[in-house]
Every structure is written in C-alpha cells, then in structure tokens.
Amino acid sequence: MVVLVTVENAATARALGETLVGEELAACVNVVPGILSIYRWQGAIERSDELLCLVKTTRAGLERLRARIVELHPYDVPEILALPVEAGHAAYLDWIAASVRAPGG
C-alpha cells in the first residue's frame, strides 16, 4: 500500500516519518516538498503550502498505521489516502513486507 499524507512543515514530516518507520508501521516514508494544496475547509476555499508524505506499508498493517497517523498528526482531519499497489519490483515489495511488523507481532 502507498498512503498519502500531507503535513504543514518539514519538522512534522520528519517526525512522522521517523516514528512510523521506527515503530515498524511503514517500511519507508518519502517526503516531497513544495506542494500547494487548494481545498474547501469550513465553507471557505483555502490554500496551503504543504509537504506530501508517501508512506509504504502493507495491507495488513494499514489500520494500525492509520490510527497512529491520526494520533500524531496536528490537523483536525489529516489526509490519509491508501492506494493499493497492484504490481512492482518483487524484491522491493518483499522488503516492504519484511520491514512492517505484522499485526499482533
């Protein structure tokens, strides 16, 4: 799974990424700077400079990852979009599976 999460600054992205990888909820978190988000919030159109975190995890680990992001994230309603990975380099996919702690493990 690839999970998209936007954050407001580099410090938050770094802390989130290090926690998720450190707790074996994600194999890898890529931080992409320079995102301009345009969205509707509480009836108004907003614009925010953000960073995008691309979080790699397993389907089995997704719910624990989602819950931890909600716990750590400073936004009232954090973006957490999980996209299934249909194919990829087998060795990389195996590395993700080996790097994410299985539920109950």
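Annotations
- Within the option set W95, W41, being in contact (Cβ under 8 Å) with a residue 40 or more places away in the chain and of a type in the set (F, W, Y) holds for one residue only, W95.
- Residue that is farther than 17 Å from E8 by Cβ and in contact with a strand residue (DSSP E or B) (Cβ under 9 Å, 6 or more places away or on another chain), where the choices are A67, A44, A27: A27
- Members of region 49-64 found to be out of contact with any Asp or Glu (no Cβ under 7 Å at 6 or more places or on another chain) and under 15 Å from E8 (Cα atoms), listed by number: D49, L51, L52, C53, L54
- In summary, E46 fulfils each of the numbered conditions (1) more than 25 Å from P84 (Cβ to Cβ); (2) in contact (Cβ under 8 Å) with a residue 24 or more places away in the chain; (3) acidic (D, E) with the single exception of condition (2).
- Counting the residues of region 68-92 that are without any contact (Cβ under 8 Å) to a residue 12 or more places away in the chain and hydrophobic (A, V, I, L, M, F, W, C) gives 5.
- Checked against (1) closer than 18 Å to P84 by Cβ; (2) among the β-branched types (V, I, T); (3) crowded, with 18+ Cβ neighbours inside 10 Å, T6 passes all but a single condition, namely (1).
- Remark: pairs (first residue in region 50-67, free of Cβ contacts under 8 Å to residues at least 40 places away in the same chain; second residue crowded, with 17+ Cβ neighbours inside 10 Å and not in a helix (DSSP H, G or I); Cβ separation under 9 Å; 6+ apart in sequence or on different chains) = R64/L25; R64/T57.
- Output for region 1-14, where each listed residue is of a type in the set (A, V, I, L, M) and either part of a strand (DSSP E or B) or under 21 Å from W95 (Cα atoms) (or both): M1, V2, V3, L4, V5, V7
Values quoted throughout were computed directly from the atomic coordinates according to the rules given, and no laboratory measurement underlies them. For clarity, every value in this text was computed on a predicted model and none was experimentally measured. For neighbour counting, all protein chains shown are included, and Cβ atoms are generated from backbone atoms with ideal geometry for every residue, glycine included.
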